[in-house]
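**Q** Below you will find the structure I want to go over with you.
The values are calculated or read from the model by the stated rules, or taken from the named source; none is laboratory data. Quick caveat, the model's predicted, so the values are computed rather than measured. Here Cβ is always computed from backbone atoms with ideal geometry, including for glycine, and neighbour counts include all displayed protein chains. Quick note on the areas: whole protein, heavy atoms, side chains included, nothing else; ligands and nucleic acids left out. Shrake-Rupley method; radii C 1.70, N 1.55, O 1.52, S 1.80 Å.
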Amino acid sequence: MKLDISDVYSLDNKEITRKVHIEMAEFQSRQGKFPIQTGEPFDLTIANEEGKRLRLSGEGDVTVQIPCDRCLQEVDVPFHFVIEKEIPMELSSQEAEDDNDEAAAFIDEERVLDTDRLVFHEILVNWPTKVLCKSDCKGICPKCGTNLNLATCDCEQGELDPRMAQFQDVFNKFKEV
Ligand SMILES: [Zn+2]
Ligand SMILES: [Zn+2]
């Protein structure tokens, strides 16, 4: 959702609170694309602090479908996020180079805040290191591909080779940032 906040920029100590709808349908990162099930709209407060900083604060929930690391079944992973950001409005040139990137990521030159990008960033920093459909997920047979939670197969499993165990969690490797 795009939120015009030019009035907050131009008036010292102005504060607004808006209902924010999460509009992005999927979370896309270098790990892939993950469908988003949006929750309730959340309140976002944008405050101009003495013409020096913009403070963004809010709290919300979003659910992202992420495949189980072992069996690839989609898992609804809830994210509760707390936004608490201070973005400098006036910057010395050196600070501007360091900090403008962050402001520019969310607010464009027309003073329009991209709330989806804000939520995207929250999902990114809260991304789980491991996703399992259940703690004892049996995973997929490495030989025939059967989902061992749903069925058994006739493959010789024997003692799980430790190298196979690593293989089962191979999807984790893509998650290490
Ligand atoms: Zn699983
Ligand atoms: Zn099998």
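**Q** Net charge near Val82, counting Lys/Arg +1 and Asp/Glu -1 over other residues with Cβ under 11 Å of its Cβ?
**A** -3
**Q** Give me the percent of the accessible area of region 2-125 that comes from carbon and sulfur atoms, probe 1.4 Å, all protein chains in place. Before the final figure, lay out each step's value.
**A** Numbers: 2870 of 6860 Å².
Carbon-and-sulfur percentage of accessible area, whole number: 42.
**Q** Please give the per residue accessible area of region 2-125, computed with a probe of 1.4 Å over protein heavy atoms only, in Å². Walk me through the numbers on the way to the answer.
**A** Details: 6860 Å² over 124 residues.
Value returned for region 2-125: 55 Å² of accessible area per residue.
**Q** Which links in Lys19/Lys85; Lys2/Lys33; Lys33/Lys130; Lys33/Lys143; Lys2/Lys85 stretch past 24 Å when you go from one Cα to the other? Working shown, then result.
**A** Details: Lys19/Lys85 17 Å; Lys2/Lys33 22 Å; Lys33/Lys130 16 Å; Lys33/Lys143 27 Å; Lys2/Lys85 18 Å.
Distance filter (> 24 Å) returns Lys33/Lys143.
**Q** Can you give me the P(r) profile for region 2-125? Cα pairs, bins 5 angstrom wide beginning at 0, each as a whole percent.
**A** All Cα pairs, binned at 5 Å, distribute as 2, 10, 19, 21, 17, 12, 9, 6, 3, 1, 0 percent.
**Q** Next question, about the same structure. For Cα pairs less than 8 Å apart in space and 6+ apart in sequence, what is the mean separation divided by the residue count of region 2-125, i.e. the relative contact order in percent?
**A** Values: 227 pairs, mean separation 31.6, N = 124.
It comes to 25 percent, rounded to a whole number.
**Q** Below 12 angstrom from the Cβ of Asp61, what's the summed charge of the other residues (Lys, Arg +1; Asp, Glu -1)?
**A** Values: positive: none; negative: Glu40, Glu59, Asp76, Glu122.
Its environment carries a net charge of -4.
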